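The values are calculated or read from the model by the stated rules, or taken from the named source; none is laboratory data. Predicted, not measured: the structure shown is a model, and the values here were computed from it. With ideal geometry, Cβ positions are generated from the backbone for all residues, glycine too; neighbour counts draw on all protein chains shown.
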Amino acid sequence: MPPKVLVAEEMSEEGIQVLRQGARVEVALGLKPEELRKRMGGVEAIVVRSQVKLDRPMLEAARGLRVIGRAGVGIDNIDVEAATERGIIVLNAPEESTISAAEHTLALLLSLARQVPQADASMREGKWERRRFLGTQLHGKTLGIIGLGRVGSEVARRAQAFGMQVAAYDPYLTPERAKEFGITLATLDEVVSRADFLTCHTPLTPDTRHLIGPAQFRKMKKGVHVINVSRGGVIDEEALAQALREGKVAGAALDVFETEPPRDSPLRGMDNVVLTPHLGASTHEAQVNVSVAIAQQVIAALRGEPVKNAINMVTLRPEAYEVLKPHLRLAEKLGRLASQLLDSPLQAVEVAFHGDMAERDTEVLATFALKGVLEPIVTDVNYVNAPVIARQRSIQVSKIKTWAIENFTSLMVVRLRSKKGEKSVAGTVFGKDDARIVKIDDYRINAVPSGHMLVCPHIDKPRVIGPATMVLGEASINIAGMQVGRIGDKPGSQAVMVLNVDSPVGEDILRKIKKIDGILDVKLVAL
Ligand code: NAD
């Protein structure tokens, strides 16, 4: 039966169509929290915007919930921590409103430069005030951009097309990336003091709250115009109102506010201010694109495929996923194998990447390995909550990369530590997708990691392997593959036998094998 998705807030028909291709869709808008709580029990995914609150108690009621899709950017209405602990993937769609937000910024920039809203209002009052609305040309002026991310860079391109100089401040952007936009980065003070028009495009974080406050207004040119289409609070509204009153700022245009809608804000009464009610993403195109993008991601996440914008999990681009797929499977299997071979409680996990493997997306690979390690130990572990579960259980997780290795061009090693000692398994991928386990502890083998496997450390001498396989044969258990590995070349030392078997092996059979002279241990692992 396809999974069930609850659409709890407005979503475009195009998005709903995409959901319907992979799920049973229930649309229920405007539910009261109590009604929502009841419905949440029976769904695997939910799509919301910014109004429906998915707090901890609500998520606790949602037993089967696996995916939350936020059709938009901000996730203030979702308790991401509680979702992560429960292994719920939280997705959003930050890219699809970029162009609309950039265009709205330009709309406000032009409105400020030519006082379009004020001139329009004047004409509606029956006036014809051509002198009052003498404008400012954008060509040759400097646009200061605070935050040169998705929206900021699109604004920059459009401003450059108007012949504006662009100066940008973004402490997290490399100068090379800025150069790609034809922009040289500057300090906050430089940008603020050079700008004829200043526009903010950062997220709202503790660092950016009131980033543009009294000190910055003091440094601005007299007659500057200020725009905010990012998040309310990036500009200190009190300080802005003061700077407008003093004439330091000639005009301001705001789409976002510290409180939305803004209550008795002094800005509402100022005629050199242009205000819009958070319309940045409000275009037909952005709404459709956001809905379709979130629907595609929700379906992909439900199918266990890679997603582009997961808030609480390491993500991969779909094309990268295709290439990495055999390595991801290997990582998970190495984790599962090592975990089932370890005897006492797990204390630490180390995932090592050697040679070519170190060049791959090791963050994602390590997460898959960790999921594999935890799976035999904890229920309901997935790629989202694996790191959280490890932390909660005080299991140390580390990752190392080295380029130098002997014999293999590429190797991944999962090493587990417990009070009693260590267990390590190593694997590689030959060719495109031929995954192999090539080492268990110090024993060299060459086993296909699949299905059920028996791992038997034994003394390397005659009449050990034969009797063991006989026991399996007598129990009608087919051996699909067999590998024996020993340390060094000399017989008589310890060795390990790895058998791929076509069906599970019962406890009684394992006991019989264990009794064979020379067998040191036998473990059945399921990969
Ligand atoms: P983004 O993450 O692509 O870009 C944000 C940029 O800000 C990044 O380059 C980051 O390095 C930079 N930044 C972070 N902290 C900074 C700091 N302290 N000083 C200077 N720069 C800093 O985000 P985006 O998609 O471009 O969105 C930008 C903002 O616009 C966000 O707040 C987003 O929520 C908002 N937005 C609003 C609307 C709307 O309807 N008004 C629509 C879309 C986006």
Check your understanding: Just for the range 74-114: of the residues that are small (Gly, Ala, Ser) and more than 16 Å from the ligand (Cβ to nearest atom), which one is nearest to THR283 (Cα to Cα)?
Key -> ALA113
Point to revise | Answer from LEU108, LEU148 - the residue that is crowded, with 19+ Cβ neighbours inside 10 Å, in contact (Cβ under 8 Å) with a residue 60 or more places away in the chain and aliphatic (A, V, I, L, M) | key: LEU108
**Study point:** Residue list for the range 207-242, filter: of a type in the set (Gly, Ala, Ser) and either in contact (Cβ under 8 Å) with a residue 40 or more places away in the chain or within 14 Å of the ligand (Cβ to nearest atom) (or both)
**Key:** GLY213, SER230, GLY232, GLY233
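Which residue, of ALA119, ALA71, is among the hydrophobic types (A, V, I, L, M, F, W, C) and within 16 Å of the ligand (Cβ to nearest atom)?
ALA71
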Revision key, fill the gap. Counting only residues that are at pLDDT below 95 and within 16 Å of the ligand (Cβ to nearest atom), the range 289-308 contains a total of 1
**Study point:** Considering residues of the range 261-288 that are away from the ligand (no atom under 15 Å from the Cβ) and small (Gly, Ala, Ser) only, the residue nearest to SER230 (Cα to Cα)
**Key:** SER265
Check your understanding: Between residues in the range 165-189 that are more than 14 Å from CYS200 (Cβ to Cβ) and among the small types (Gly, Ala, Ser) and residues that are more than 13 Å from the ligand (Cβ to nearest atom) and modelled with pLDDT under 95, which pairs lie under 7 Å by C-beta distance while being six or more apart or on different chains?
Key -> ALA178/THR184
Point to revise | Where a residue in the range 275-290 is in contact (Cβ under 8 Å) with a residue 24 or more places away in the chain and more than 10 Å from ALA101 (Cβ to Cβ) and its partner, wherever it lies, is of a type in the set (A, V, I, L, M, F, W, C) and near the ligand (Cβ under 8 Å from one of its atoms), with Cβ under 8 Å and at least six apart | key: GLN287/ALA281; VAL290/ALA281
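Report, by residue number, each residue of the range 157-172 that is within 11 Å of the ligand (Cβ to nearest atom) and in contact with a Gly (Cβ under 8 Å, 6 or more places away or on another chain).
If the condition is that a residue be within 11 Å of the ligand (Cβ to nearest atom) and in contact with a Gly (Cβ under 8 Å, 6 or more places away or on another chain), then ALA168, TYR169, ASP170 are the ones that fit.
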Exercise for review: Return a yes/no flag: does the range 67-82 have any residue that is surrounded by fewer than 19 Cβ atoms within 10 Å (Cβ to Cβ), of a type outside the set (D, E, K, R) and closer than 25 Å to VAL155 by Cα.
Suggested key: yes
Exercise for review: Among the residues of the range 440-463, write down those that are buried (at least 20 other Cβ atoms within 10 Å of the Cβ) and either touching a Ser or Thr at 6+ places or on another chain (Cβ under 8 Å) or among the β-branched types (Val, Ile, Thr) (or both).
Suggested key: ILE440, ILE445, VAL455, ASP460
Review point. Which of the residues belonging to the range 450-483 are in contact with a strand residue (DSSP E or B) (Cβ under 8 Å, 6 or more places away or on another chain) and of a type in the set (S, T, N, Q)?
Key: SER450, THR469, ASN478, GLN483
**Study point:** Of all residues in the range 122-138 being assigned to a loop (DSSP other than H, G, I, E, B) and among the polar types (S, T, N, Q), the one that is nearest to GLN160 (Cα to Cα)
**Key:** GLN137
Check your understanding: ASP271 passes all but one of (1) of a type outside the set (Phe, Trp, Tyr); (2) crowded, with 21+ Cβ neighbours inside 10 Å; (3) modelled with pLDDT under 95; which number fails?
Key -> (2)
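This table checks each residue for (1) within 32 Å of the chain's Cα centre (by Cα); (2) within 21 Å of GLY355 (Cα to Cα).
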{"position": "LEU411", "(1), (2)": "yes, yes"}
{"position": "ARG415", "(1), (2)": "yes, yes"}
{"position": "LYS432", "(1), (2)": "yes, yes"}
{"position": "ASP442", "(1), (2)": "no, yes"}
{"position": "VAL464", "(1), (2)": "no, no"}
{"position": "SER476", "(1), (2)": "no, no"}
{"position": "ALA480", "(1), (2)": "no, no"}
{"position": "GLN494", "(1), (2)": "no, no"}
{"position": "LEU499", "(1), (2)": "no, no"}
Check your understanding: Would you pick out the residues in the range 190-210 that are in contact with a helix residue (DSSP H, G or I) (Cβ under 6 Å, 6 or more places away or on another chain) and over 22 Å from SER100 (Cα atoms)?
Key -> VAL192, SER193
Check your understanding: Looking at PHE353, is it aromatic (Phe, Trp, Tyr) and surrounded by 20 or more Cβ atoms within 10 Å (Cβ to Cβ)?
Key -> yes
Check your understanding: Across the range 27-59, what is the total count of residues that are over 24 Å from ALA300 (Cβ atoms) and of a type in the set (S, T, N, Q)?
Key -> 1
